Amino acid sequence: MGAFPAAVVPEPAPELAFLRDVREQWPRETLSPGELGVVGERLDLGELDARVVALCREGGPLRAALARIASQVVFTRSWERLGYARLSDYAAERLGVSARLVQSLGRVGHRLCRLPRLETALVSGELAWTKVRLLASLPSSEDIGSWIGYARSVTAAQLSKRVRAVDGASIEGGALEETSRSKLFEVRCSPEVRRQWAYATRVAARVTGRRLSVSEAAEVIAAEVLSAVPLDDADHGCGDEGTSWEQAAEETDPAEGSDVPKGRLPWRTRTEEADPPRAKLPPALCSLVEGVDEADPFELDARLRLALSLEQRLEARLGPWLAKVWTRPVHRPLGYRTRDDYARERLGMDPTRARALVRLERGIAGRPALERAYRSGALSWVKASTLAPLATEDDPPFLDEWVSWAGKVTVRRLRDDVEGALTLAETNPQAFHRGAGLPAEAHREIGATVTGTERNTPAPLGSPEPLSNRGIGATATAPEQDAVERVWVTAKARYDHGPTKGAPDETCGVRFFGSADTVQLFAAVLSTVRRRLGEETGRLPTPGQALAAMLDHALQSWGAVDERVAKRHRVFARDGWRCTAPGCTSLSNLHDHHVRFRSAGGSDDLANRTTLCAFHHLRGIHAGLLRCVGSAPDGLRWEMGIRRGLSPLMAYRSGDVSVAATRAPAPNWPS
């Protein structure tokens with residue numbers, strides 16, 4: 001097994017050595033997780049509540065400091081200077097949090113700059129973050145002192161309705177209240193269809209040009225199939241087979257923000273008047289925010305990463321206590337109807353965040369390597385949450401190796417590898433238990449010994465007679481003779497002898513959470529395809545077989561199963577139709593980049609070409625923010641955060657694997 005990641009908290013650069021004092025002064029948990037469990041069982045409900053509330057209030061000053069730094073980061077778009085095209089990539093890869101959190105911190109930080117009384121309420125613990133975030137959205141003309149007094153006397157839900165009514169975002173604060181519940185879609189299928197589903201969701205993202213949640217990909221697939229399946233006037237019910245009501249929160253990536261004017265956000269303006277006095281932070285945090293308005297992007301990055309690592313340390317202390325609160329009826333004696341109400345009103349936390357912390361605590365419990373990496377800060381919250389689905393057994397195989405691998409790769413690569421491993425676990429459990437789905441590259445990198453390892457990324461699947469020979473995203477170049485009928489011919493050959501209620505090979509399942517509308521649409525299309533196949537074959541196929549026909553059509557329509565790729569698209573196809581810059585999630589505006597510039601004698605060989613998005617090509621490589629050398633596709637070296645006279649901030653090799661950052665000449669450095 002490879003060495004465990006050594007980093008605990010981001011080490012400040014030599015010019016930012018004063019930040020070490022912040023890290024050393026920040027409080028640490030004095031109890032081990034085992035001792036914490038014993039103590040927690042002895043506490044009554046009141047004492048347990050007091051511990052959790054105290055830890056939550058302790059985070060108020062840190063949130064104020066985070067808001068100050070994040071406001072400057074968002075305003076200056078610092079991530080671009082470090083080589084990231086969008087905030088979502090920077091937040092996941094460098095900060096280990098969601099872009100929505102950074103945006104929220106930035107908005108509140110800007111408002112706190114103009115509302116020192118509100119910042120003082122946050123730092124002193126007079127108001128929790130939930131209420132401060134609501135009050136920060138008020139118009140400047142409002143009397144903030146009166147609003148703070150009102151906020152102390154009402155619940156967060158009541159305050160939210162009142163604030164929404166005031167700022168005009170809703171009619172009496174109720175028009176934006178959610179009324180629909182999420183719904184679960186689930187269907188049994190064969191391992192082949194399960195692998196095909198995983199591939200189809202990735203292709204759907206390529207076709208749309210952005211990352212999609214599973215429910216969004218399902219909607220794209222359903223829309224593609226529905227466009228080719230004519231509906232008749234007969235009244236055929238879709239049925240509720242394979243579905244059940246379920247309440248689930250599924251976060252989607254926030255908008256990339258590429259359409260926002262550079263250097264300015266709609267809510268961020270500058271005035272010539274002097275800033276009002278700011279709230280006094282604890283000594284441990286003063287140096288963290290001192291001079292933040294004059295800091296360059298590299299210093300802002302160091303400060304923000306350190307502040308977020310301190311918050312992760314605090315959440316690591318809070319998590320075990322919060323998990324105990326979730327298993328005991330602490331909320332009932334205090335008059336709260338649900339645990340969500342308790343988290344929102346008593347703790348000042350977003351209930352979704354509270355549940356996420358509880359899920360993560362349950363996922364890492366009894367897994368020493370994963371627990372140690374998360375609590376020490378060696379793994380960010382995003383990476384730990386990504387690995388948690390692999391730790392579903394009492395003794396998950398090769399979890400130590402997965403933790404080591406996670407410390408070496410980007411979040412983008414880790415998500416792909418975990419997705420492949422989970423698909424392998426469902427479609428071939430024996431192979432999964434032999435190698436835990438670790439890619440072969442991980443075995444070489446961390447020294448893991450695995451026998452009989454299968455590739456964990458499914459190859460493109462589809463009909464032997466594809467419907468279309470066009471590339472993904474390209475327009476049709478030749479008329480297609482009744483493509484719908486060809487789908488049924490393919491389906492006929494596959495399902496003529498299939499059973500009507502179940503198939504012995506349907507040992508897997510496809511499931512996703514989404515809005516009720518999305519699930520209803522997908523189930524309706526599945527039912528329609530199933531009925532059409534039954535009419536054509538004379539035998540009603542199973543839902544899993546109908547799903548296979550849907551995926552066949554979608555993949556063939558998008559050209560994802562066509563082995564013949566246009567010459568101009570060979571580089572894109574080889575690189576998976578996405579930007580190859582480390583951590584970049586861009587699937588649109590792709591450019592064919594010559595690693596060694598043609599002006600410097602570079603050839604047109606495939607080994608000298610790689611896929612880049614418009615930002616990383618024009619504003620990254622050619623503007624000197626990013627450096628790429630070597631041979632494509634497996635021999636490239638990437639350097640990000642280029643600074644003259646200093647080593648790059650980050651360095652990766654092909655495959656998004658981190659390597660040592662050293663000062664090196666740039667043969668293609670633009671003059």
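The values are calculated or read from the model by the stated rules, or taken from the named source; none is laboratory data. Bear in mind that the values here come from a model prediction, so they are computed numbers and not experimental data. Please note: Cβ atoms are built from the backbone with ideal geometry, for glycine as well, and neighbour counts cover all protein chains shown.
For the stretch 650-671, which residues satisfy the criterion of being surrounded by fewer than 10 Cβ atoms within 10 Å (Cβ to Cβ) and either modelled with pLDDT of 90 or more or touching a strand residue (DSSP E or B) at 6+ places or on another chain (Cβ under 8 Å) (or both)? Once the filter is applied, which keeps residues that are surrounded by fewer than 10 Cβ atoms within 10 Å (Cβ to Cβ) and either modelled with pLDDT of 90 or more or touching a strand residue (DSSP E or B) at 6+ places or on another chain (Cβ under 8 Å) (or both), the stretch 650-671 yields ALA660, THR662. A single entry from GLU311, GLU361 fulfils the requirement of being within 28 Å of the chain's Cα centre (by Cα), modelled with pLDDT of 85 or more, under 15 Å from CYS56 (Cβ atoms) and not aliphatic (A, V, I, L, M): GLU311.
Selection over the stretch 388-399 of residues that are touching a residue at least 40 places away in the same chain (Cβ under 8 Å) and either under 17 Å from the mean Cα position of the chain (by Cα) or surrounded by 21 or more Cβ atoms within 10 Å (Cβ to Cβ) (or both) gives a count of 2. If the condition is being assigned to a helix (DSSP H, G or I) and either over 25 Å from the mean Cα position of the chain (by Cα) or in contact (Cβ under 8 Å) with a residue 40 or more places away in the chain (or both), then the stretch 602-645 contributes LEU606, ALA607, ASN608, PHE615, HIS616, LEU618, ARG619, GLY620, ILE621. The set of residues from the stretch 598-645 being of a type in the set (Gly, Ala, Ser) and either closer than 15 Å to CYS584 by Cβ or touching a helix residue (DSSP H, G or I) at 6+ places or on another chain (Cβ under 7 Å) (or both) comprises GLY602, ALA614, GLY620, SER631, ALA632, GLY641. Does VAL519 satisfy the criteria of being part of a helix (DSSP H, G or I) and not polar (S, T, N, Q)? Considered against the rule, which asks whether it is part of a helix (DSSP H, G or I) and not polar (S, T, N, Q), VAL519 comes out as yes. In a residue-by-residue description of the stretch 81-89, the property of being free of Cβ contacts under 8 Å to residues at least 12 places away in the same chain, over 20 Å from GLY319 (Cβ atoms) and not β-branched (Val, Ile, Thr) applies to no position.
Listed here are the residues, each with its yes/no results for (1) more than 17 Å from PHE572 (Cα to Cα); (2) not charged (D, E, K, R).
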position: VAL595; (1), (2): no, yes
position: GLY602; (1), (2): yes, yes
position: THR611; (1), (2): no, yes
position: GLY630; (1), (2): yes, yes
position: ARG637; (1), (2): yes, no
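Considering the stretch 59-146, there are no qualifying helices (runs of 4 or more DSSP H) wholly inside with 2 or more residues that are crowded, with 24+ Cβ neighbours inside 10 Å, modelled with pLDDT of 90 or more and of a type in the set (Asp, Glu).
Only residues that are closer than 23 Å to ALA384 by Cβ and assigned to a helix (DSSP H, G or I) were counted in the stretch 341-360, giving 11. Here LYS567 fulfils each of the conditions (1) modelled with pLDDT under 85; (2) within 32 Å of the chain's Cα centre (by Cα); (3) under 25 Å from GLY630 (Cα atoms) apart from (2).
Residue-wise test of (1) touching a strand residue (DSSP E or B) at 6+ places or on another chain (Cβ under 8 Å); (2) buried (at least 17 other Cβ atoms within 10 Å of the Cβ); (3) more than 18 Å from ALA200 (Cβ to Cβ).
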site	(1), (2), (3)
GLU535	no, no, yes
VAL571	yes, yes, yes
THR580	yes, yes, yes
ASN589	yes, no, yes
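Evaluating GLU441 against the criteria (1) touching a helix residue (DSSP H, G or I) at 6+ places or on another chain (Cβ under 7 Å); (2) touching a residue at least 24 places away in the same chain (Cβ under 8 Å) leaves one unmet condition, (1). If ARG355 satisfies every condition in (1) more than 30 Å from VAL123 (Cα to Cα); (2) out of contact with any strand residue (DSSP E or B) (no Cβ under 6 Å at 6 or more places or on another chain); (3) of a type in the set (D, E, K, R) but one, which is the exception? Of (1) more than 30 Å from VAL123 (Cα to Cα); (2) out of contact with any strand residue (DSSP E or B) (no Cβ under 6 Å at 6 or more places or on another chain); (3) of a type in the set (D, E, K, R), only one is false for ARG355: (1). Among residues that are out of contact with any Lys or Arg (no Cβ under 9 Å at 6 or more places or on another chain), modelled with pLDDT of 90 or more, buried (at least 17 other Cβ atoms within 10 Å of the Cβ) and not in a loop (DSSP other than H, G, I, E, B), HIS593 is not included.
Inspection of the stretch 635-649 identifies at least one residue that is surrounded by fewer than 17 Cβ atoms within 10 Å (Cβ to Cβ), at pLDDT 90 or above and farther than 16 Å from THR410 by Cβ. Checked against (1) part of a loop (DSSP other than H, G, I, E, B); (2) modelled with pLDDT of 85 or more; (3) not polar (S, T, N, Q), ASP275 passes all but condition (2).
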